[in-house]
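The values are calculated or read from the model by the stated rules, or taken from the named source; none is laboratory data. Source: prediction; values computed, not measured. Positions of Cβ are backbone-derived with ideal geometry, glycine not excepted, and every protein chain shown enters the neighbour counts. The accessibility values were calculated without ligands, DNA or RNA, using every heavy atom of the protein model including side chains. Shrake-Rupley method; radii C 1.70, N 1.55, O 1.52, S 1.80 Å.
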Amino acid sequence: MKDGVLVIDFGGQYAHLIARRIRELGRFSRIVSAEASISDIVSEARSSYGVVLSGGPGSVWSGAHDEVARAVIKLEIPVLGICYGHQLLGRVLGGSVSRSPNPEFGPTIVDVIKSEGILQGLPDRVRVWMSHNDAVLEPPPGAEVLAVSRGSPVAAFRLGSVYGVQWHPEVSHSEYGLKVLENWLRITGAPRNWDPGDMVNNLIDMVRGMVGGGRAIAAVSGGVDSTVAALIAKKALGDRLVPVFIDHGLHPAGEVEWVSRTLSSIGLKPVVVDASSDFLEALRGVTDPEEKRRVIGRIYGEVLVREAVDVGAEYLVQGTIYPDVIESGARAGADVIKTHHNVGGLPENLGLKLVEPLKWFYKDEVRIIAKKLGVPVSIIEKKPVPGPGLAVRIEGEVTEWKVEVARRADRIVREEIESAGLDKGLWQYFAVLSGSKATGVKGDSRSYGWVIVVRAVESVDAMTANPARLPWDVLERIASRITSEIPVVSRVVYDITSKPPATIEWE
Ligand code: XMP
């Protein structure tokens, strides 16, 4: 049976954006890495209404993906190549691809020559978003050129059921971008049947089907993903589901109580396991950020297994979402930027059977499901707290006193930003205990204390972020409170780095 549309990922961030847009247009989409085996890609493509070859950072000259493209074209289902995918199709179908005489980056004018097929309904001229050095200079034999631009003599083409487009219709800066994607989806015949809000009953049935009459624990954190996963499992299993909240001793001030209280209010009263001494013990002497994550993941797994044995559960319900699955797994070509604790940091085999009801969903879709299930807004809109908590906000070794310093500084940052009413516009705001010391003067004497870093960023999806332009008086109040209320701190600095090149967290 066919199901939705397949997006082949050639690297970069494009594939997820395309897959999300397709879902916004009501069709299911899934991603497969271009580095997967040809037979896997072909079998996924066979069960899809159409295949998108995404953009990517590489150059088609290497020939690395010719075989993938040929295998997909041979299936004779609708294919759409975007940017790198467009050039790849142009190349394997016999067109000429080379360096463009006018590489195009950013807003670009495209002339539509034939407003048909994927360009149906477009005006003669559109302003779109491009990002390319190479271009299809000659169309493949027999192909129709549908659009041109200054740097792309073949900005869009059609050959039978294969379309290529040099610009990025998935990017919001491209005029008529959604129209281009909708036109193509109509050509594929993929049914418009994707509505995450409608899936709730299916998900409950799915969990019931997996767990049968067994018992499960749900690892909850107070974030929207784990809450929704646990709530679905609760509805499926009733008392056979035990929500477990592990206190690793690295949570921000008040977090453990808040999570416990808020989850209890929606029928998910968690068993709170105080395992802080296990974590601190295991973290002793560990300074490498990735090693810290691995240690925390390992202990987290051990504590979970202990709890599962205690309640006689053989299943573990987790709030893994689609980008987690794709990012921590299959991308052979991509570097692991950070091991994300909710997946990457957990040991592979805990001996528990995993139940991941949200593993096909994007964050905004999880929020839709959350609303449907009556999850409180305070959870749906909660600022993200990284799984390893303050451990990634303490440079170097994590010790009890450092956690206390970081927690107190963090509380001050939060109080001041929230009382100034600035929290709504920010993605995250927190304090970091740096590994540096600096000279200060307190009273009449010289002091040599720790440096606290304040970080506050604006972001849409955490892929990129800008430092917030906090009002000076708020920053001054933060600095003055931290240095006076925490005697071991002599200096407060504000982090003004964007992401990229920096990440949001310090480790
Ligand atoms: P970075 O620091 O990579 O963070 O710019 C992007 C977003 O992810 C959160 N983050 C984490 N979340 N485990 C998590 O569950 C982690 O190890 C982790 N590291 C970063 C971070 O807070 C930000 O929202």
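What is the one condition in (1) basic (Lys, Arg); (2) more than 16 Å from the ligand (Cβ to nearest atom); (3) more than 28 Å from Leu203 (Cα to Cα) that Arg298 does not satisfy?
If we test Arg298 against (1) basic (Lys, Arg); (2) more than 16 Å from the ligand (Cβ to nearest atom); (3) more than 28 Å from Leu203 (Cα to Cα), just (2) comes out false.
State yes or no: is Gly85 touching a Leu at 6+ places or on another chain (Cβ under 9 Å) and not in a loop (DSSP other than H, G, I, E, B)? Don't jump to the end; show me each part of the working.
Details: touching a Leu at 6+ places or on another chain (Cβ under 9 Å): yes; not in a loop (DSSP other than H, G, I, E, B): yes.
Judged against the criteria, Gly85 is a match.
Quick one: would you say Arg491 is touching a residue at least 40 places away in the same chain (Cβ under 8 Å), within 12 Å of the ligand (Cβ to nearest atom) and outside any helix (DSSP H, G or I)?
Details: touching a residue at least 40 places away in the same chain (Cβ under 8 Å): yes; within 12 Å of the ligand (Cβ to nearest atom): no; outside any helix (DSSP H, G or I): yes.
Against the criterion (touching a residue at least 40 places away in the same chain (Cβ under 8 Å), within 12 Å of the ligand (Cβ to nearest atom) and outside any helix (DSSP H, G or I)), Arg491 does not qualify.
What residue, of Val460, Val441, is at pLDDT below 95 and away from the ligand (no atom under 16 Å from the Cβ)?
On the way: Val460 fails: away from the ligand (no atom under 16 Å from the Cβ).
Matching residue, one of Val460, Val441: Val441.
Looking at this structure, is Ser277 closer than 18 Å to Lys402 by Cα, of a type in the set (S, T, N, Q) and out of contact with any Leu (no Cβ under 8 Å at 6 or more places or on another chain)? Let's see the steps before the verdict.
Working: closer than 18 Å to Lys402 by Cα: yes; of a type in the set (S, T, N, Q): yes; out of contact with any Leu (no Cβ under 8 Å at 6 or more places or on another chain): yes.
Yes.
Restricting to region 20-78, give me the number of residues that are more than 30 Å from Ser96 (Cβ to Cβ), open to solvent by less than 50 Å² (accessible area, probe 1.4 Å) and small (Gly, Ala, Ser).
The qualifying residues number 3.
Within region 365-385, can one find any residue that is within 14 Å of the ligand (Cβ to nearest atom), under 29 Å from Val474 (Cα atoms) and basic (Lys, Arg)?
Yes: one or more hits.
Within region 152-169, count every residue that is in a loop (DSSP other than H, G, I, E, B), out of contact with any Ser or Thr (no Cβ under 8 Å at 6 or more places or on another chain) and not polar (S, T, N, Q). Reasoning before the result, please.
Keep residues of region 152-169 that are in a loop (DSSP other than H, G, I, E, B), which gives 152-155, 160-161, 166-169.
From what is left, the residues that are out of contact with any Ser or Thr (no Cβ under 8 Å at 6 or more places or on another chain) are 153-154, 160-161, 169.
Okay, now just the ones that are also not polar (S, T, N, Q), so 153-154, 160, 169.
Of the residues in that region, 4 qualify.
Among the helices (runs of 4 or more DSSP H) lying completely within region 348-465, list those that include at least 1 residues that are open to solvent by 50 Å² or more (accessible area, probe 1.4 Å), in contact (Cβ under 8 Å) with a residue 24 or more places away in the chain and among the acidic types (Asp, Glu). Before the answer, list the steps.
On the way: elements: 363-372, 377-380, 400-419.
Those helices (runs of 4 or more DSSP H) span 363-372, 400-419.
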